[in-house]
């Protein structure tokens, strides 16, 4: 019960998202943990798409290695989809279409799609949508999705608009009844049935980009400059959608601004200009945009300007696959820029952390007076996850060391890059500060501690040394790793970001196989002392990540050279999220 | 006994209060002349230095941001990217007055896209291009504004037609387009003053000779050429307040252009009678000048109709950068309501 997955194979642009989201939310409202992963093409309409819904009483969220229920609604891919179905599985398909499945080791359920669509009341141009509702109703009958929960999910989806709810639910009901009539024994015989639980009480169903955008809003973002790019666009869309409601000032003016820039260079350039002038400024992008932002990233670091960059990673190099996931920008983000550049990079592993790092990134950027990167990815950002509710910020906004005119008057002098506290961070003044001492010319050129152009070797060296003191301060301030120790373990697992789900599930599999493991999830760069400590405590540590070269493993070897030999890399990247089975098998081979 | 006192402006500041660090440009550089007129204009307008931000990119011209208005904040940013940085700064604090210096490489080559998008957005600022047709810091390559057939010692002959930055500005919808010559101090100064009073992006393309790499007599960006060929459209005077008008002119001799908020530009007719309110005439003027090889200067186009970026965004009086934390962070109830929407 409550431990299986469904894949709906459809054609993109046909409205199947409505159907799939309705199924997910209905299951979620039955109290059962559920996650969805949309495998979609870089295309607007007409190409194959697969949506996998994973039901897991134990709360597993990784991509399932095997999916026993297939909705074969795309004739172009049906044959291959059927071939991938494990024995004992079930296939639902349009019985009045041209495709006929030929397998006798799976249950086959032809559905009268044309007939049900014809009587649905949908206008002819909307009939693809109606067809998708047929499999919703049939699935509801087969696996036991409560019709009332489905109705509620449709009300949610159509934000209460009565007519589309009635039309869609009408098809669901009709398909449900027809399935019961055609296959009266199927539900009872099905190995895959849902049973109501109470595991999602209080929880929410949300994607990472929405959570990240909301996090930025509750972090007080006042300026977003962005350029459209998959899979980051929905992050900026979240700000556009929620800011008018959440952040309109008392006099009716927005307390924010959004500018769609002409390219990613300008997007970060605007964020840097706004951060310099005192706004909480951000941009959101993906790999190709990150590449374009390189020069500004170096400037923001060297001129010490606060701003936040969200990188919702997709697989690269180059254009790569815009709609496929990876964790391949870790090294690029950490070192983005020329010369000796190192940045602060936050690595959310859950949608709740997308929200948390959404607000925390601004505090870190302003405290450290630098550019802060947040690396999400397509899997985390665009897929729906069951989650604890978004938690209100636990600390007040930290605007960092900013000198007012009154403070300047009291101090009697202003040295922009003095480091009286030894944390590498000088106090800044904002443009518009009326004190005659406040002015300074920010620059990407070499400068002394008074921010005046200097070619003196000792000025250059002293400035870089201070920037490294600041980097050391960042090590203490960034989110620390989450560590779960198993006292019986000699093997440690290390991962970051969206690979968390696969690693957690793999640990349970490995424990069942007699290999207990400890686990450390890295949540930010620069790495701190805790990481080396964890590695030293284990005979071997396996670093699991969704990229080709093992980028986190490389960073850990650099950071903890004394323990480099203990680090083993399991890095895999093919555009899909990792599975627990892959992780467990790889660890077994190495350990 | 009295000591000689420096003249002060309405704020009680002297001209020296508007200076910056000593210039490190070549002796005789046209950019230093422009710097002097920026200082003079800011002093005469009595601009509060702390309200001005001096913005620049990279290049000889952009270095000059350090040489004026030392009591103003500033940002010497990236090559060709000053428009983006200024756009962000304006949105964060629209009460600041951006004064930007750029060059023909910075604006006409690497930054042409950003330049045009800045104009499209109408970021209110003074945008001075110190245009010498050559890359100086990298020792004498042609820029995109170099004339077709122009010769340089190392680069040889330029085979490509120039980009006319005033024409680009006009086509991009800029409402204040002017061209001047670094050797024409009064015109440069009056145009800068008028540009500060303009409600939107004000572009002044100043032909500013590079004495080291592009000042030979057959260069159209040289002092000799400029002095011999400059054809001012009008004698131009910026008048901060209408009541300061004293001179009387015969009808038809002057054209007065009122600006947003009261100031005025008085254009005294010279050889031609160009109407700066006529955009098509402005484009035709530039095209004719190009075809005829003429070096016209003055106010080419002026129109104040468009909203600024901050106005387009509907921003309130308080700059975004000055909003307090309790305005920026919605209350816990707001998050509770949002959470409910995802159940």
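How much of the calculated P(r) for the stretch A:23-126 lies past 18 Å, in percent of all Cα pairs? Pairs farther apart than 18 Å: 60 percent.
For the protein assembly as shown, go through all pairs of different Cα atoms, get the mean of 1/r, take its inverse, and jot down that Kirkwood value in Å.
Working: mean 1/r = 0.0325 Å⁻¹.
That comes to 30.8 Å for the protein assembly as shown.
Computing Rg and the Kirkwood Rh from the Cα coordinates of the stretch A:225-313 gives a ratio, Rg/Rh, of 0.99. Axis of helix A:147-157 versus longest Cα principal axis of chain A: the two differ by about 40°, to the nearest ten degrees.
Quick check on packing: order A:253-263, B:204-214, A:505-515 by the mean number of other C-beta atoms within 10 Å, highest mean leading. Intermediate values should be presented prior to the final figure.
Values: A:253-263: 20.0, B:204-214: 25.5, A:505-515: 17.1.
Result, highest mean first: B:204-214, A:253-263, A:505-515.
Note on residue B:269/residue B:326: beta-carbon distance plugged into 1/(1 + (r/R0)^6) with R0 of 45 Å gives a FRET efficiency of 0.20.
Could you tell me what percent of the DSSP beta bridges with both partners in the stretch A:438-524 are antiparallel, to the nearest 5? Could the numbers behind the result be given before it?
Details: 4 of 10 bridges.
In the stretch A:438-524, approximately 40 percent of DSSP beta bridges are antiparallel ones.
Residues A:91, B:29, arranged from fewest to most other Cβ atoms within 10 angstrom of their Cβ, appear as A:91, B:29. Taking all Cα pairs closer than 8 Å and separated by 6 or more residues, the relative contact order of the stretch B:5-93 comes to 31 percent.
Rank these for me by crowding, A:563, B:234, B:229, going from fewest to most other beta carbons within 10 Å. Walk me through the numbers before you get to the answer.
On the way: A:563 19, B:234 22, B:229 14.
Going from sparsest to densest Cβ surroundings: B:229, A:563, B:234.
Centre-to-centre separation between the Cα atoms of the stretch A:61-140 and those of the stretch A:368-406: 42 Å.
When you restrict to C-alpha pairs under 8 Å that are six or more residues apart and normalise by the size of chain A, the relative contact order lands at 12 percent. Within the stretch A:391-449, the proportion of C-alpha pairs whose separation exceeds 14 Å stands at 62%. Using equal-weight Cα scatterers in the Debye expression, the normalised intensity of the stretch B:202-294 in log10 at q = 0.20 Å⁻¹ is -1.10.
Shown for A:28, A:357, A:192: other C-beta atoms within 10 Å of each C-beta, ranked fewest to most, produce the order A:192, A:28, A:357. Name the shape class, rounded, prolate or oblate, that the alpha-carbon gyration tensor gives for the stretch B:1-134, where a ≥ b ≥ c are the square roots of its eigenvalues, rounded holds for a/c under 1.5, and otherwise prolate holds if a/b is larger than b/c and oblate otherwise. It comes out oblate by the Cα gyration axes.
Using the Kirkwood formula over every pair of different C-alpha atoms, what hydrodynamic radius in Å results for the stretch A:3-201? Walk me through the intermediate numbers first.
Numbers: mean 1/r = 0.0600 Å⁻¹.
Hydrodynamic radius (Kirkwood, Cα only) of the stretch A:3-201 equals 16.7 Å.
The angle between the Cα long axis of helix B:185-197 and the longest principal axis of the Cα atoms of chain B comes to about 20 degrees, rounded to the nearest 10.
Give, as ranges by residue number, the residues of the stretch A:558-577 whose backbone N falls under 12 Å from the point 7 Å along Cα→Cβ of residue A:536. Residues passing the 12 Å test: A:560-563. Measuring r between the beta carbons of residue A:198 and residue A:96 and using R0 = 56 Å, the FRET efficiency lands at 0.90.
Principal semi-axes of the equivalent ellipsoid, √(5λ) from the alpha carbon gyration tensor of the stretch B:58-124, are 18, 17, 8 Å from largest down. Against the empirical 2.2 N^0.38 Å (N residues), chain B has a Cα radius of gyration ratio of 1.06.
The label-point distance for residue B:278 and residue A:87, in a model that sets each label 7 Å from Cα toward Cβ, rounds to 8.9 nm. Each principal axis of the stretch B:37-91 carries a Cα extent, and these read 30, 27, 14 Å when sorted largest first.
Projecting label points 7 angstrom from Cα along Cα→Cβ for residue A:331 and residue A:318 puts them 1.9 nm apart.
Based on Cα atoms of the stretch B:285-343, Rg over Rh with Rh as the Kirkwood radius reads 1.44. Take the Cα of residue B:15, go 7 Å toward its beta carbon, and the backbone nitrogen atoms of the stretch B:63-83 under 16 Å from that spot belong to B:68-70.
Length available on full extension from residue A:65 to residue A:253: 0.36 nm per residue minus the Cα-Cα distance, which gives 62.6 nm. Most fluctuating residue of B:40, B:185, B:21 in a GNM of chain B with Cα springs under 10 Å: which is it? With Cα springs under 10 Å in chain B, the top fluctuation among B:40, B:185, B:21 is at B:21. Taking the C-alpha atoms only, the angle from helix A:127-139 to the longest principal axis of chain A is near 80 degrees.
Which residues does a label at residue B:254 reach in the stretch B:179-202, if reach means a backbone N under 17 Å from a point 7 Å past the Cα toward the Cβ? Backbone N within reach: B:187, B:190-191, B:194. Label residue B:95 and residue B:26 with points 7 Å out from Cα along Cα→Cβ: what is the distance between them in nm? That separation, rounded to one decimal, is 4.4 nm.
Coordinate range of the alpha-carbon atoms in the stretch A:453-507 per principal axis, descending: 55, 24, 18 Å.
If I take every Cα pair under 8 Å that is 6 or more residues apart in the stretch B:190-305, average their sequence separation and divide by the length, what percent do I get for the relative contact order? Present the calculation step by step, with values, prior to reporting the outcome.
Numbers: 154 pairs, mean separation 31.8, N = 116.
After rounding, I find 27 percent.
Could you estimate the translational diffusion coefficient of the stretch A:206-387 from the Stokes-Einstein equation, with Rh from the Kirkwood formula over C-alpha pairs, at 4 °C and 1.567 mPa s, in whole µm²/s? Walk me through the numbers on the way to the answer.
Details: Rh = 15.6 Å.
The Stokes-Einstein estimate is 83 µm²/s.
When DSSP assigns beta bridges and you keep just the ones with both residues in the stretch A:3-201, what percent turn out antiparallel, to the nearest 5? Before the final figure, lay out each step's value.
Details: 15 of 27 bridges.
Close to 55 percent.
Taken over the Cα atoms of the stretch A:434-591, the convex hull encloses 164 Å³ per residue. Helical content alone sets the calculated 222 nm signal of chain A at -11500 deg cm²/dmol, taking -39,500 (n - 2.57) per DSSP H segment of four or more residues and averaging over every residue. Of the beta bridges DSSP finds with both residues in the stretch A:295-383, what % are antiparallel, to the nearest 5? Rounded to the nearest five, the antiparallel share is 10 percent.
Here, each number is a calculation from the coordinates, and none is a lab measurement. Given the structure is predicted, the values throughout are model-derived calculations rather than measurements. When we count neighbours, we look across all protein chains shown, and the Cβ atoms used for this are built from the backbone with ideal geometry, even at glycine.
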